[in-house]
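See below for the structure under consideration.
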Amino acid sequence: RDDVRELQESGIDGSGINVAVIDLPFSTVHYELKDSLAKYTNCDDNGSVHFNGIVVATKLCGKDLGVAPGCSLHFYGTGVGVINTVRDTLKSLKDIYEQNKNGANIRIVSMSSTLHREKPECKEICQKLISQGCYIIDSEIFNRDFTCINQDVNTKENEAKKLLNNF
């Protein structure tokens, strides 16, 4: 944590970086996120809310608790359950791709579950995002073992560590 604070104090705080988080939706914007939230989309038809999404987003770009408090956050809330999560994750990834085509310049996408990773449609949209310069972070096991989907990073362990340590 001290290393992160040192980087932030030296001016490396995520400023100018656009990130997207795809996770469970939340109902109110906590003061930790109010300055960094550029876009909030709740894909869940039922309007359910949870805490996981706000925790993940806060760890990433929260004002006091985040590793990159200066970044701009595009948050996508997904529905609960396998079918809804897969549907909403794909919908969110497609929206991020379209946003980037229109100049959003989102460079990091964080997803908290790989329920969708093996679907051909997911692989296709992830490759399109990677071609736009996105790094896509996902987890092999829910809430554990986060890895980058991008092949260039996965094959170069030191670069992956550098990317995650700098962010």
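The values are calculated or read from the model by the stated rules, or taken from the named source; none is laboratory data. Bear in mind that the values here come from a model prediction, so they are computed numbers and not experimental data. Neighbour counts run over all protein chains shown; Cβ positions are idealised from the backbone, glycine included. The protein model used for the area step is the full one, side chains on, heavy atoms only, and it has no ligands, DNA or RNA in it. Shrake-Rupley method; radii C 1.70, N 1.55, O 1.52, S 1.80 Å.
Residues satisfying the criterion are absent from the range 103-114 (criterion: farther than 26 Å from Glu9 by Cβ, part of a strand (DSSP E or B), open to solvent by 30 Å² or more (accessible area, probe 1.4 Å) and out of contact with any His (no Cβ under 7 Å at 6 or more places or on another chain)).
For the range 18-35, filtering for residues that are open to solvent by 60 Å² or more (accessible area, probe 1.4 Å), closer than 15 Å to Lys63 by Cα and not basic (Lys, Arg) leaves 4.
This table checks each residue for (1) farther than 30 Å from Val4 by Cβ; (2) in contact with a helix residue (DSSP H, G or I) (Cβ under 6 Å, 6 or more places away or on another chain); (3) among the charged types (D, E, K, R).
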residue: Cys61; (1), (2), (3): no, no, no
residue: Gly66; (1), (2), (3): no, yes, no
residue: Cys71; (1), (2), (3): no, yes, no
residue: Gly79; (1), (2), (3): yes, yes, no
residue: Ser92; (1), (2), (3): no, no, no
residue: Glu98; (1), (2), (3): yes, no, yes
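In the range 29-45, the qualifying residues are those that are part of a loop (DSSP other than H, G, I, E, B) and of a type in the set (D, E, K, R), and the one that is farthest from the chain's Cα centre (by Cα) is Asp45. Taking the listed residues Gly53, Gly16, the one that is in contact with a Pro (Cβ under 9 Å, 6 or more places away or on another chain) and under 26 Å from Ile130 (Cβ atoms) is Gly53, with no other qualifying. Considering the range 71-101 alone, what residues qualify as being modelled with pLDDT of 90 or more, out of contact with any strand residue (DSSP E or B) (no Cβ under 6 Å at 6 or more places or on another chain) and either in a strand (DSSP E or B) or hydroxyl-bearing (Ser, Thr, Tyr) (or both)? Of everything in the range 71-101, just one residue is modelled with pLDDT of 90 or more, out of contact with any strand residue (DSSP E or B) (no Cβ under 6 Å at 6 or more places or on another chain) and either in a strand (DSSP E or B) or hydroxyl-bearing (Ser, Thr, Tyr) (or both), namely Tyr97.
Being in a helix (DSSP H, G or I) and open to solvent by 40 Å² or more (accessible area, probe 1.4 Å) is the filter here, so list the residues in the range 53-70 that pass it. So that I can check it myself, show each step before the final result.
Filtering the range 53-70 for residues in a helix (DSSP H, G or I) gives 53-61.
Matches in the range 53-70: Val55, Lys59.
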